[in-house]
Amino acid sequence: QVQLVESGGGLVQAGDSLRLSCVASGRTFSNYHMGWFRQAPGKEREFVAHASRRGSFIYYAGSVKGRFTISRNNAKNTVYLQMNNLKPEDTAVYYCAAQSRTTDAYYQQNEYDHWGQGTQVTVSS
């Protein structure tokens, strides 16, 4: 098992930036593909970004492409989500997730095996 802990959320104004971090326990972090998802109140959880085991393959949801950047540092067991030019519609709880098996469905939440507790991001206008 791997435990994931997100941090870095907060209350910001539109146009501001935040960097989320997700730290994983254990010594097998590099065995997992990592994803970021988010869920706004009353809405379904949606895919945000994905980084493969070594960060060689990166994917983004169209709604965040060009504004968000996912990266990982396997030596620190950490995956990051740099969020720039935040918009009110980015307001959500952001979750990191670990995927142990390689599939082509990185955007589907049920493909991930482990989830963090989430960190709240609130963007005011």
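The values are calculated or read from the model by the stated rules, or taken from the named source; none is laboratory data. Values in this document were obtained by computation on a predicted structure and should not be read as measured data. Glycine also receives a Cβ, built like all others from the backbone with ideal geometry; neighbour counts cover every protein chain displayed. The protein model used for the area step is the full one, side chains on, heavy atoms only, and it has no ligands, DNA or RNA in it. Shrake-Rupley method; radii C 1.70, N 1.55, O 1.52, S 1.80 Å.
At a glance:
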{"item": "Volume per residue of the C-alpha convex hull in the chain, rounded to whole Å³", "result": "92"}
{"item": "Sulfur and carbon atoms: percent of accessible area, the stretch 1-118 [1.4 Å]", "result": "44"}
{"item": "Only Lys, Arg (+1) and Asp, Glu (-1) charged, at Cβ; the stretch 17-70 dipole about Cα centre in debye", "result": "140"}
{"item": "Estimated distance in nm for a label pair at V5 and R27, the labels positioned 7 Å out from Cα along Cα-to-Cβ", "result": "2.0"}
{"item": "Heavy-atom SASA rank of E44, E89, E111 (probe 1.4 Å, accessible area, largest first)", "result": "E44, E89, E111"}
{"item": "Phi-based couplings in Hz for the stretch 86-91 (Karplus 6.51, -1.76, 1.60; Gly and Pro marked x)", "result": "5, 10, x, 5, 7, 4"}
{"item": "Environment charge of N84, counting only residues whose C-beta is closer than 9 Å and scoring Lys/Arg +1, Asp/Glu -1", "result": "0"}
{"item": "Nearby lysines by direct alpha-carbon distance to K65 (threshold 21 angstrom, same-chain neighbours under 8 apart not counted)", "result": "K43, K87"}
{"item": "Calculated from backbone phi, Karplus (6.51, -1.76, 1.60) coupling profile of the stretch 30-39 in Hz, x at Gly/Pro", "result": "5, 7, 10, 6, 10, x, 10, 10, 9, 9"}
{"item": "Length-normalised contact order for the chain - Cα pairs under 8 Å, 6+ apart - percent", "result": "36"}
{"item": "Charged-residue dipole, Cβ positions (Lys, Arg, Asp, Glu), the chain about Cα centre, Debye nearest 20", "result": "380"}
{"item": "Heavy-atom accessible area per residue - the chain, 1.4 Å, Å²", "result": "53"}
{"item": "Inter-site label distance for S63 and D16 at 7 Å from Cα along Cβ, in nm", "result": "2.1"}
{"item": "Accessible area of Y112 in the full protein assembly, 1.4 Å probe (Å², nearest 10)", "result": "20"}
{"item": "³J(HN,Hα) computed for each position of the stretch 109-122 - Karplus, 6.51 cos²θ - 1.76 cosθ + 1.60, integer Hz, glycine/proline x", "result": "5, 6, 7, 9, 9, 9, 9, x, 7, x, 9, 7, 10, 10"}
